[in-house]
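Below: the structure, in structure tokens.
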Amino acid sequence: MDFFKKIFSPKSKTYDNLQEEQEEAKTAQMPDDERFVYKFIQNGGKFFYPEDMEQFRMELLKLLKHLQIDEYAVLERSYFHFLQKLKVPVKFGVKTDDVLLGGCESLIAHEGAIMTTDKHTGEYRNGELPQKRVIVALSDQIVSAKTQALSAINKKYDSPPANIQTMSIFAPDKNTLTGGKWFEVYLFLIEN
């Protein structure tokens, strides 16, 4: 019986558990920006770090070809006008088979996750939005944990926004056990 207690005890260490602990120790020592990128890519996200606005524009146009679409869909008026100025094909409104381009509130380093609000997604829940997403973020939006992200939201808005959501599964094989929705996410991180 002691043998089974040792095997099934929550304190027993497997090779996978040891690897996870070593991985966590390694990432805990990283600065938040490096940790976010590492975790984001580990979660299946695709990461771009354009040097300037022209490179950002060129990468967006290349991504259109790669995704085999004619235009990006947006829900945020500011992005709609911004992309029109950059001469990137865009339409206002969204259907589930579109590629949605928009912003976010925070990039959460500890999880490699992206937090959005109704300012970015309207009244739509993540499950109602397109699976393919292009997120544009600024480097100062990186925070360590969700609590910091929520605190930043409270400071930023007079009345709290609705529909606060977090995306953290960016590859289909990551959701097999949880049954959660996964997203194909392309993140453009712009230095500010």
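Over 13 Å from the mean Cα position of the chain (by Cα), closer than 28 Å to Y38 by Cα and hydroxyl-bearing (S, T, Y), is that true of Y124? Before the answer, list the steps.
Working: over 13 Å from the mean Cα position of the chain (by Cα): yes; closer than 28 Å to Y38 by Cα: no; hydroxyl-bearing (S, T, Y): yes.
For Y124, the condition - over 13 Å from the mean Cα position of the chain (by Cα), closer than 28 Å to Y38 by Cα and hydroxyl-bearing (S, T, Y) - is not met.
A single member of T116, T121 is crowded, with 19+ Cβ neighbours inside 10 Å, out of contact with any strand residue (DSSP E or B) (no Cβ under 6 Å at 6 or more places or on another chain) and of a type in the set (S, T, N, Q), and it is T121. Take segment 32-72 and flag every residue that is in a loop (DSSP other than H, G, I, E, B) and free of Cβ contacts under 8 Å to residues at least 12 places away in the same chain. Once the filter is applied, which keeps residues that are in a loop (DSSP other than H, G, I, E, B) and free of Cβ contacts under 8 Å to residues at least 12 places away in the same chain, segment 32-72 yields E51, D52, Q68.
Restricting attention to segment 71-103 and to residues that are over 18 Å from A137 (Cβ atoms) and of a type in the set (S, T, N, Q), the residue that is surrounded by the most Cβ atoms within 10 Å (Cβ to Cβ) turns out to be Q84. Residues of segment 155-170 that are exposed (fewer than 12 other Cβ atoms within 10 Å of the Cβ) and either assigned to a helix (DSSP H, G or I) or of a type in the set (D, E, K, R) (or both): K155, D158.
Taken over segment 101-130, the residue count meeting the criterion of being closer than 21 Å to F80 by Cβ and either assigned to a loop (DSSP other than H, G, I, E, B) or of a type in the set (F, W, Y) (or both) is 9. Listed residues S106, S139; which is closer than 18 Å to R35 by Cα, in contact with a helix residue (DSSP H, G or I) (Cβ under 8 Å, 6 or more places away or on another chain), surrounded by fewer than 16 Cβ atoms within 10 Å (Cβ to Cβ) and in contact (Cβ under 8 Å) with a residue 24 or more places away in the chain? Result: S139 is the single residue among S106, S139 that is closer than 18 Å to R35 by Cα, in contact with a helix residue (DSSP H, G or I) (Cβ under 8 Å, 6 or more places away or on another chain), surrounded by fewer than 16 Cβ atoms within 10 Å (Cβ to Cβ) and in contact (Cβ under 8 Å) with a residue 24 or more places away in the chain. Anything in segment 76-87 that is on the phi < 0 side of the Ramachandran plot and either of a type in the set (D, E, K, R) or at pLDDT 95 or above (or both)? List them, or say none. E76, R77, K85 - these are the residues of segment 76-87 that are on the phi < 0 side of the Ramachandran plot and either of a type in the set (D, E, K, R) or at pLDDT 95 or above (or both).
The values are calculated or read from the model by the stated rules, or taken from the named source; none is laboratory data. From a predicted model like this one, the values you see are computed outputs, not experimental measurements. Reconstructed Cβ throughout: ideal geometry from the backbone, glycine too, with neighbour counts over all protein chains shown.
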